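Following: one structure in structure tokens, then a few remarks.
The values are calculated or read from the model by the stated rules, or taken from the named source; none is laboratory data. Just so you know, these numbers come straight off a predicted model, no measurement behind them. Note that each Cβ is placed from the backbone with ideal geometry, even for glycine, and that neighbours are counted across all protein chains shown.
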Amino acid sequence: MDTKHKILDEALTLFSEWGYANVYVNDIAERVGIKAPSLYKHYKNKQAIFDAIIDEMNNRFMEQASQLNINGMDPTKDADIYKNMNEDSMIELGKNLFLYYLHDDYTKRFRKMLTIEQFHDKDLAAVYQSQYYDMPLSYQGMLLGLMAAQGILITDNVPIMTLHFYAPIYLLLTVCDREPKREKEALKTLEEHLRQFDKLYGRSIA
């Protein structure tokens, strides 16, 4: 790992352990094993490090999405994939994405940091809101809405359908964050949720 990425990795660890406000550039530099002036050659301040962490996390997700043969960011591209996917394939994909978010160390540490800091920092609360509410619901709402428009799903209320889909998944993720031993139970519940969602909204494969 080069110095630039090591700075991000160590900073994220410190943020998740001590809280963002309690970590200073000198702390990060010391953990990396360099002096603060050397760190500033890579990032101009702590905010720049935080922004780079988000970029790195998004890049890691895009790599994972590519491995799962989805776009992950553009619902117009993913709609055709999902609409032709049978239920078992959809469940396998759902489980793989769930396990990625649960076990990817970078993503897990970032989520831990924001979960804690949302109560102490309004800016980080906004990031939490964006990462775990606004962005997922926007993407999934557009995806499910496209499928509803094509008659693949049946609903007269796409926003509520989107909540029905997403809310249990994020709830299960937070349960496993607190109690890792419940992962097997969560995966079983996730599968039951996805099958019930298909029944509830009448998903049909052309």
Here is a list of conditions, (1) within 22 Å of Pro75 (Cβ to Cβ); (2) assigned to a helix (DSSP H, G or I); (3) in contact (Cβ under 8 Å) with a residue 24 or more places away in the chain, and Leu153 meets all of them except one; can you say which number that is?
(2)
I'd like to know if region 24-37 contains one or more residues that are out of contact with any helix residue (DSSP H, G or I) (no Cβ under 7 Å at 6 or more places or on another chain) and under 30 Å from Ile91 (Cβ atoms).
no
Within region 1-60, considering only helices (runs of 4 or more DSSP H) that don't extend past its boundaries, which have at least 2 residues that are out of contact with any His (no Cβ under 8 Å at 6 or more places or on another chain), surrounded by 15 or more Cβ atoms within 10 Å (Cβ to Cβ) and among the charged types (D, E, K, R)?
3-18, 25-32
Odd one out for Asp123 among (1) within 23 Å of Glu56 (Cβ to Cβ); (2) in contact with a Ser or Thr (Cβ under 8 Å, 6 or more places away or on another chain)
(2)
Could you tell me whether Ile81 is without any contact (Cβ under 8 Å) to a residue 40 or more places away in the chain, over 19 Å from Tyr132 (Cα atoms), in the same structural domain as Glu183 (by TED's automatic domain parsing) and assigned to a helix (DSSP H, G or I)?
yes
Please go through region 101-127 and give me each residue that is of a type in the set (Lys, Arg) and within 13 Å of Ser16 (Cβ to Cβ), ordered by number.
Lys108, Arg109, Arg111, Lys112
Output the residues belonging to region 155-172 that are under 14 Å from Lys95 (Cα atoms) and not aliphatic (A, V, I, L, M).
Phe165, Tyr166, Pro168, Tyr170
